[in-house]
Amino acid sequence: MFRLANHPIDPAPLRRELASEDCGGFVFFEGRVRDHHEGREVTGLYYEAYRELAEKEGCRLVREIALKHGVRAAAMHATGGLVPGDLAVWVGAAAAHREEAFVACRELIDAIKARVPIWKRESYVGGSSGWVEGCACAAGHGDGRRTPSSMTSGIPTATTSSDAADSGRSTTS
């Protein structure tokens with residue numbers, strides 16, 4: 001099971017869903033908003049998702065990794081505005097033994113970050129903000145920028161004049 005959720009994320013229902021008497025190992029990862037990135041003070045994040053595709057791909061990844069490792073798995077990712085300390089993503093895996101749960105949990109969070117179309121914009125002290133490298137699902141399209149404003153259904157769309165200036169491309173209508 002994979003869910004997108006408006007903040008705040010409440011992982012309790014997913015924990016209950018994964019809990020089972022036949023599972024001796026239960027591993028989860030909680031990704032929280034930190035107050036810094038690359039030497040800059042972060043005041044908040046904004047996550048945006050291509051919801052239909054994100055939910056479809058997230059569910060596919062959970063099923064694929066659960067079958068591969070023989071575990072029960074679930075994940076949830078926040079969308080919208082978050083501040084430092086907020087829970088942005090939760091991934092869990094339960095198995096008969098801890099090793100399978102650890103491996104599946106790590107593989108699932110890595111796959112979600114690489115393949116689910118969720119983008120992150122950071123806001124910094126002083127009021128500036130910027131989209132942060134994230135989902136690699138747009139790799140190979142256009143200039144490879146991975147921001148929601150340049151993607152719909154995995155196909156590049158018109159860029160803004162500031163995007164064009166940054167990349168040396170012209171804008172289209």
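Here residue 92 meets the list (1) under 20 Å from residue 17 (Cα atoms); (2) assigned to a strand (DSSP E or B); (3) over 16 Å from the mean Cα position of the chain (by Cα) almost entirely, failing just condition (3). Residue pairs whose Cβ atoms lie under 9 Å apart, sitting 6 or more positions apart in sequence or on different chains, and linking a residue in the range 78-93 that is farther than 19 Å from residue 14 by Cβ to a partner that is basic (Lys, Arg) and assigned to a strand (DSSP E or B), are 84/32; 85/32.
Report whether or not residue 42 is surrounded by 15 or more Cβ atoms within 10 Å (Cβ to Cβ), more than 14 Å from residue 74 (Cα to Cα), in contact (Cβ under 8 Å) with a residue 60 or more places away in the chain and of a type in the set (Val, Ile, Thr). So residue 42 passes the test.
Considering every residue within the range 118-140, establish whether at least one is open to solvent by less than 70 Å² (accessible area, probe 1.4 Å), touching a helix residue (DSSP H, G or I) at 6+ places or on another chain (Cβ under 6 Å), at pLDDT below 95 and part of a strand (DSSP E or B). No, that holds for no residue. Name the single residue that is modelled with the lowest pLDDT among those in the range 1-31 being more than 10 Å from residue 90 (Cα to Cα) and open to solvent by 90 Å² or more (accessible area, probe 1.4 Å). Top of the filtered list is 8.
For the residues 34, 63, the requirement of being open to solvent by 60 Å² or more (accessible area, probe 1.4 Å) and either assigned to a strand (DSSP E or B) or free of Cβ contacts under 8 Å to residues at least 40 places away in the same chain (or both) singles out 63.
With the requirement that a residue be outside any strand (DSSP E or B) and under 18 Å from the mean Cα position of the chain (by Cα), what does the range 37-49 give you? Give the steps one after another, and end with the answer.
First pass over the range 37-49, keeping only residues outside any strand (DSSP E or B): 38-39.
None - no residue of the range 37-49 is outside any strand (DSSP E or B) and under 18 Å from the mean Cα position of the chain (by Cα), so the list stays empty.
The values are calculated or read from the model by the stated rules, or taken from the named source; none is laboratory data. For clarity, every value in this text was computed on a predicted model and none was experimentally measured. Heads up, the Cβs are rebuilt from the backbone with ideal geometry, glycines too, and the neighbour counts pull from every protein chain shown. Heads up: the accessible areas ignore ligands, DNA and RNA and are worked out on the full protein's heavy atoms, side chains in. Shrake-Rupley method; radii C 1.70, N 1.55, O 1.52, S 1.80 Å.
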